[in-house]
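Just so you know, all these numbers are worked out from the coordinates, no wet-lab data involved. Just so you know, these numbers come straight off a predicted model, no measurement behind them. FYI the Cβ positions are ideal-geometry reconstructions off the backbone, even for glycines, and counts take in every protein chain you see.
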Amino acid sequence: MTLAIQGEAVSKEKKASAKDAQVLMQLYDLRRETLMRAARKFMVSEFWPQTYDEFKALMLDFGSERNAFARQCLTYWDMAAAMVLHGAVDEDLFHATNGEPYFLFAKYGQYLPQLRGEYIASDFLKNLEALANRPKGKQRVKELQTRVEARRRAAAAKAATAKAAASSEEI
């Protein structure tokens with residue numbers, strides 16, 4: 001079966017091309033940039049909000065380094081998702097070579113509807129959300145949510161231990 005997209009016949013069984021691979025390699029190269037690496041590290045490994053209010057506080061802390069990291073990392077993956085959704089990058093190849101956008105959606109996606117409604121633009125991270133809600137994305141996000149929740153609980157326990165230690169030092 002073929003579809004017509006902007007006058008071009010495109011096979012439904014379209015295979016990833018060398019151009020798709022080149023775009024993915026360029027996306028990968030951008031991920032390695034020093035500031036981007038720091039932003040990704042913060043959003044993937046260091047920031048573990050326990051509540052919507054903690055996530056909101058970060059997203060509204062304009063001018064802070066932490067807010068800049070969050071916006072840089074999240075909007076980077078939203079841009080990459082837009083490339084997939086608009087056919088500039090093969091979805092299957094993107095899915096096979098990238099786990100981080102799905103992980104970030106599993107970690108923060110629950111907060112987006114409220115954040116959009118109250119404080120941020122209504123289309124904030126809509127591309128990332130749309131990609132994560134496609135069949136392969138949904139399955140990956142579902143698998144990652146269990147890991148995210150375990151890590152969130154571990155981060156909460158670590159924070160509680162550190163707080164208790166700080167309190168006992170004050171005494």
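Where helices (runs of 4 or more DSSP H) fall wholly inside the range 61-171, the ranges with 2 or more residues that are exposed (fewer than 13 other Cβ atoms within 10 Å of the Cβ) and polar (S, T, N, Q) are 135-170.
Scanning the range 19-47 for residues that are part of a loop (DSSP other than H, G, I, E, B) and either crowded, with 17+ Cβ neighbours inside 10 Å or touching a Phe, Trp or Tyr at 6+ places or on another chain (Cβ under 8 Å) (or both) yields a single hit, 47.
Within the range 136-157, is there a residue that is under 18 Å from residue 79 (Cα atoms) and either in contact with an Asp or Glu (Cβ under 8 Å, 6 or more places away or on another chain) or not polar (S, T, N, Q) (or both)? Yes, there is a match, as at least one residue in the range 136-157 is under 18 Å from residue 79 (Cα atoms) and either in contact with an Asp or Glu (Cβ under 8 Å, 6 or more places away or on another chain) or not polar (S, T, N, Q) (or both). Determine, yes or no, whether residue 161 is touching a residue at least 12 places away in the same chain (Cβ under 8 Å), out of contact with any strand residue (DSSP E or B) (no Cβ under 7 Å at 6 or more places or on another chain) and either within 27 Å of residue 21 (Cα to Cα) or not small (Gly, Ala, Ser) (or both). Answer is no for this residue.
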